1. May I ask you to list the residues in the stretch 202-215 that are surrounded by 15 or more Cβ atoms within 10 Å (Cβ to Cβ) and under 20 Å from Asn168 (Cβ atoms)?
2. Looking at Leu32, Leu45, Leu58, which is the one that is open to solvent by 90 Å² or more (accessible area, probe 1.4 Å), in a helix (DSSP H, G or I) and either of a type in the set (A, V, I, L, M, F, W, C) or modelled with pLDDT of 75 or more (or both)?
3. Evaluate the stretch 181-194: report whether one residue or more is at pLDDT below 95, closer than 12 Å to Leu118 by Cα and in a loop (DSSP other than H, G, I, E, B).
4. Tally the residues that are in contact with an Asp or Glu (Cβ under 8 Å, 6 or more places away or on another chain) and not aromatic (Phe, Trp, Tyr), restricting the search to the stretch 137-156.
5. The conditions are (1) more than 15 Å from Phe116 (Cβ to Cβ); (2) outside any helix (DSSP H, G or I), and Gly202 fails exactly one of them. Which is it?
6. Please find, among Asn110, Asn157, the residue that is within 22 Å of Asp216 (Cβ to Cβ), touching a Leu at 6+ places or on another chain (Cβ under 6 Å) and modelled with pLDDT under 95.
7. Can you tell me which residues in the stretch 141-166 are over 15 Å from the mean Cα position of the chain (by Cα), part of a strand (DSSP E or B) and buried (at least 18 other Cβ atoms within 10 Å of the Cβ)?
8. Just one of Thr171, Thr203, Thr213 is among the β-branched types (Val, Ile, Thr) and free of Cβ contacts under 8 Å to residues at least 40 places away in the same chain; which is it?
Amino acid sequence: MKKFDVFKTIQLILFIALAGIGILLILTDRTLYQQIANDPHIRALCILLWMVLVLSFLFIFMDFSLFFNFKKDYRELDFAVASDPVAGIANRYSCDSIIEKYLDKPLPSNIGCIMFDLTSIGKANRIWGHLKGNELIHDFSSILQASSVNLCFVGRNGGNKFLALFENCSTQKMNTFLSRVEKKVSAHNADSAIPPIQFQYGTAYLEGEEIQTITDLIALSNRRIYDNTPEVDSQSH
């Protein structure tokens with residue numbers, strides 16, 4: 001796609017340059033100008049050539065228009081494939097794509113993971129209906145996305161589970177992310193208590209030799225969600 005864009009840009013530049021040279025020759029060469037003006041055959045040939053130039057320019061312009069529309073459609077399709085329609089953030093496919101980078105490889109020491117369980121979704125669906133439940137998923141996803149800026153990848157890993165993956169991890173980064181999430185959840189629940197956001201999370205980072213793969217790390221963080229982890233709503237973890 002990028003090569004096509006470059007090719008069409010070069011084609012347009014050459015077209016404009018050659019057309020400009022042609023006009024300049026006609027205007028500066030008085031003999032050529034007189035021949036075109038006096039000889040109907042040469043004049044007809046020049047008219048045909050200019051028509052070809054105009055049509056060529058239009059076709060190049062149409063190519064650019066179609067190309068930009070195609071790029072827009074491609075971006076929209078890519079977003080539809082990679083994003084969750086309810087959450088509005090990366091979906092399970094996107095989570096799997098980033099995880100695949102580390103499959104069948106030794107786990108780097110600078111990888112950290114946090115798994116979230118949106119525990120209030122069941123109550124929201126049961127009491128207020130699935131529309132409110134979807135709204136809760138979207139609100140929590142937006143909080144995770146806003147909190148992840150310059151820190152980590154976040155995505156909905158299916159159902160009420162969410163993944164935060166830190167590729168250049170540190171304890172400070174994970175704590176900063178969790179602090180942002182908890183503050184934003186607290187603000188959300190203070191403004192709109194129905195339905196409130198309640199969640200649990202588990203972290204995994206620098207686990208030693210017993211954790212060999214990325215899937216081991218994610219599975220560990222998922223288990224730790226329920227290992228004496230209190231539910232979080234408007235209070236700090």
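The values are calculated or read from the model by the stated rules, or taken from the named source; none is laboratory data. Note that this is a predicted model, so its numbers are computed, not measured. Every residue, glycine as well, gets a Cβ built from its backbone with ideal geometry; the counts of neighbours run over all protein chains shown. Each accessible area value is taken on the protein alone, full model and side chains, heavy atoms only, with ligands, DNA and RNA left out. Shrake-Rupley method; radii C 1.70, N 1.55, O 1.52, S 1.80 Å.
1. Across the stretch 202-215, the qualifying residues are Thr203, Ala204, Tyr205, Glu207, Ile211, Thr213, Ile214.
2. Only one candidate qualifies: Leu45.
3. No.
4. Matching residues across the stretch 137-156 total 4.
5. Result: Gly202 fails condition (1) only.
6. Testing whether each residue is within 22 Å of Asp216 (Cβ to Cβ), touching a Leu at 6+ places or on another chain (Cβ under 6 Å) and modelled with pLDDT under 95 leaves just Asn157.
7. Result: Asn157, Phe162, Leu163, Ala164, Leu165, Phe166.
8. Exactly one residue qualifies, and that residue is Thr171.
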